[in-house]
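Read the structure below first, then the notes.
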Amino acid sequence: MARKQGSHSDITGPKVHDAALRLIARHGYAAVSMRQIAAEVGVQAGALYNYTPDKQTLLFDLMHNHMKDVLAALAAAGLQGDPVARLDGFTRLHIRIHLPRPDQVFIAYMELRNLSPDNFDTLEALRRQYETALEDILRDGVAAGVFCVPDTRIATMAIIAMLTGLSHWYRDDGRLGLDEIEDIYADLVRKSVSR
């Protein structure tokens, strides 16, 4: 099917991803059809295949882009200092990356089950890189005698779950501002692993 007159891949491609993101976050991957995504973008269903080969690739791209952004932000942060300072930095970074992206966060955690095995393995490897960054901080803190963590892997998963859960309930117009929330969460995380 020919592209609609005036259609441009650099404009329509991102619209396809944005529409898929909104619809999948709202209704779930299994309930969203390519036809619904096309209607949201304002193109014929067949035209979507100019921008993605299939729905699975679209889901993978959404999740992959999110994890690439998360890892890039982590690398750019260059967390340094003692384990306590690095843990504080990781906590605040996680909140700043994830809080403005509730749809990406929801899809990244809730739609893993809908990835093909190869796509799942790719995403899991990226997630593991991020988790390892936190686990390394915890291990260093245990070695330095400032953290008391019987199992750094479980502590890593618990901290990430707690931090990610913030995106489910936090509202910009709520009782506390982002800086206050960051301070509270940084304190909670630090106390959960400290001696």
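The values are calculated or read from the model by the stated rules, or taken from the named source; none is laboratory data. From a predicted model like this one, the values you see are computed outputs, not experimental measurements. Cβ coordinates were reconstructed from backbone atoms using ideal geometry, including for glycine residues, and neighbour counts include every protein chain displayed. Heads up: the accessible areas ignore ligands, DNA and RNA and are worked out on the full protein's heavy atoms, side chains in. Shrake-Rupley method; radii C 1.70, N 1.55, O 1.52, S 1.80 Å.
Could you tell me whether the range 25-43 includes any residue that is closer than 27 Å to Leu112 by Cβ and at pLDDT below 90? Checked against the condition, which is being closer than 27 Å to Leu112 by Cβ and at pLDDT below 90, the range 25-43 yields no hits at all. Among the residues making up the range 90-117, those that are hydrophobic (A, V, I, L, M, F, W, C), part of a helix (DSSP H, G or I) and under 23 Å from Val32 (Cβ atoms) are Val105, Phe106, Ile107, Ala108, Met110, Leu112. Ala30 - would you say it is in contact with a helix residue (DSSP H, G or I) (Cβ under 6 Å, 6 or more places away or on another chain) and either under 23 Å from Leu166 (Cα atoms) or not in a loop (DSSP other than H, G, I, E, B) (or both)? Criteria not met by Ala30. Among the residues examined, Arg96 qualifies as under 28 Å from Leu166 (Cα atoms), open to solvent by 30 Å² or more (accessible area, probe 1.4 Å) and of a type in the set (D, E, K, R).
Within the range 143-155, if we keep just the residues that are within 16 Å of Ala85 (Cα to Cα) and assigned to a helix (DSSP H, G or I), the residue that is most open to solvent (accessible area, probe 1.4 Å) turns out to be Ala143. Residues in the range 31-53 that are in contact (Cβ under 8 Å) with a residue 12 or more places away in the chain and under 20 Å from Phe120 (Cβ atoms): Val32, Thr52. The residue pairs whose first member lies in the range 60-76 and is touching a residue at least 12 places away in the same chain (Cβ under 8 Å), whose second member is open to solvent by less than 30 Å² (accessible area, probe 1.4 Å) and of a type in the set (Phe, Trp, Tyr), and whose beta carbons are closer than 7 Å, counting only pairs six or more residues apart or on different chains, are Val70/Tyr130; Leu71/Tyr130; Leu74/Tyr130. Could you tell me how many of the residues in the range 170-194 are open to solvent by 70 Å² or more (accessible area, probe 1.4 Å) and either touching a Cys at 6+ places or on another chain (Cβ under 6 Å) or under 20 Å from Leu93 (Cβ atoms) (or both)? The qualifying residues number 9.
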